[in-house]
Amino acid sequence: MDKRQIIGIILACAIFLPALGVMPYRTVLRKADDHFVNAEWRDALALYDTLLERRPGRVKTYVDAVVASAMLGDSAAIMRYVVRSEMQGLSLDSLFSGIDALSRSIGQTGAYEQVLLLVKSEQPWFTRVANNYLLGYYEFRRDAEHTLAIADELLAVMPRQVSYLKSKANALLLAGQNDSAAVVQQSILQVDSLDFDANLFLGSYYAVKGEERLDSIDERYLETLGQSTRPVLLYREEKREVLDTDIARARHYFTVAMGIRSNRYLSDQRARLEALTDELPQSGGTTIPLLKRLKQE
């Protein structure tokens with residue numbers, strides 16, 4: 001091939017295959033989007049670099065580039081785009097929000113978690129920002145273990161932050177640790193005594209706890225009726241102790257909650273608790289068979 005043929009080929013390429021640098025921006029963007037949709041991550045990244053050279057302040061391009069990098073498992077590339085966005089003065093909030101939405105839309109929420117954990121590790125001065133997003137992510141996933149871990153990290157810095165305390169209480173409830181959740185709810189009321197959710201939770205918690213104790217006393221009384229010399233008065237004293245502690249607490253919390261946001265449920269709950277007494281069940285009728293049947297079930 002002589003020199004003239006080589007020159008001809010070069011000119012043809014220049015005419016019919018224009019370089020990315022002279023392609024219209026929208027054309028490059030469309031190609032990048034096509035590569036992303038087709039999961040051609042490396043091809044997409046090559047075009048994102050070209051797009052960022054032209055419009056370095058476009059948040060969406062960084063979002064796409066970070067997610068594509070995460071899909072490749074390329075931590076270095078993720079941080080390169082994150083740092084590049086920071087150098088442009090773009091906020092991590094806008095970047096993280098975009099990554100969250102995009103990763104959900106393609107069914108790859110793990111990519112979002114990967115980015116958050118990496119930024120937290122590589123840029124510890126952004127730990128609190130990353131932890132806030134991780135907390136929301138783990139709550140969305142109903143991941144009690146990780147929610148508790150992140151909530152405790154945040155509370156170590158801001159122990160009176162109600163939103164973090166609520167996240168911890170909800171995670172404990174999800175994990176079946178009701179008593180621990182109640183302790184956290186009480187700490188919320190130490191910060192804000194008029195928090196509706198905390199008062200409602202504690203009212204329900206103590207109502208259930210108290211009524212279970214009352215039912216247990218009644219059942220023990222009926223089971224030993226005629227077989228024990230234990231005075232009836234002692235059973236009634238036990239019930240009065242429950243009424244003065246758990247039931248009284250439940251009534252208090254429901255009353256406070258009603259003062260904040262009254263509704264029929266709260267009114268009914270408080271009225272039902274107020275009707276409870278230290279009276280013992282009767283031995284006649286259907287009381288004993290009913291208790292036995294409930295116990296068997």
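The values are calculated or read from the model by the stated rules, or taken from the named source; none is laboratory data. This one's a predicted model, so the numbers in the text were calculated from it and none came from an experiment. Note that we place each Cβ from the backbone using ideal geometry, even for glycine, and neighbour counts take in every protein chain shown. Ligands, DNA and RNA are stripped out before the accessible areas are found, and what is left, the full protein with its side chains, is counted by its heavy atoms. Shrake-Rupley method; radii C 1.70, N 1.55, O 1.52, S 1.80 Å.
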Over all distinct alpha-carbon pairs, what is the Kirkwood Rh of the chain in angstrom? 24.8 Å
Need one word for segment 193-279: rounded, prolate or oblate. Basis is the Cα gyration tensor (sqrt eigenvalues a ≥ b ≥ c); a/c below 1.5 gives rounded, then a/b vs b/c decides. prolate
Taking Cα atoms only, helix 144-157 is inclined relative to the longest principal axis of the chain by an angle, in degrees rounded to 10, of 90 degrees
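Could you do me a favour and compute the accessible area per residue for segment 193-279, 1.4 Å probe, result in Å²?
Details: 4880 Å² over 87 residues.
Dividing the accessible area of segment 193-279 by its residue count gives 56 Å².
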If the only charges are +1 at each Lys and Arg Cβ and -1 at each Asp and Glu Cβ, what is the size of the charge dipole of the chain around the Cα centre, to the nearest 20 debye? 920 debye
Under the Karplus relation with 6.51, -1.76 and 1.60 and θ = phi - 60°, whole-Hz ³J(HN,Hα) for segment 69-82, x at Gly and Pro, equal 5, 5, 5, 7, x, 9, 5, 4, 5, 4, 5, 4, 6, 4
Given a 1.4 Å probe and every protein chain left where it sits, what share in percent of the accessible area of segment 193-279 is carbon and sulfur? 50 percent
Tally up the carbon and sulfur contribution to the accessible surface of segment 90-168 as a whole percent, 1.4 Å probe, everything protein left in place. 53 percent
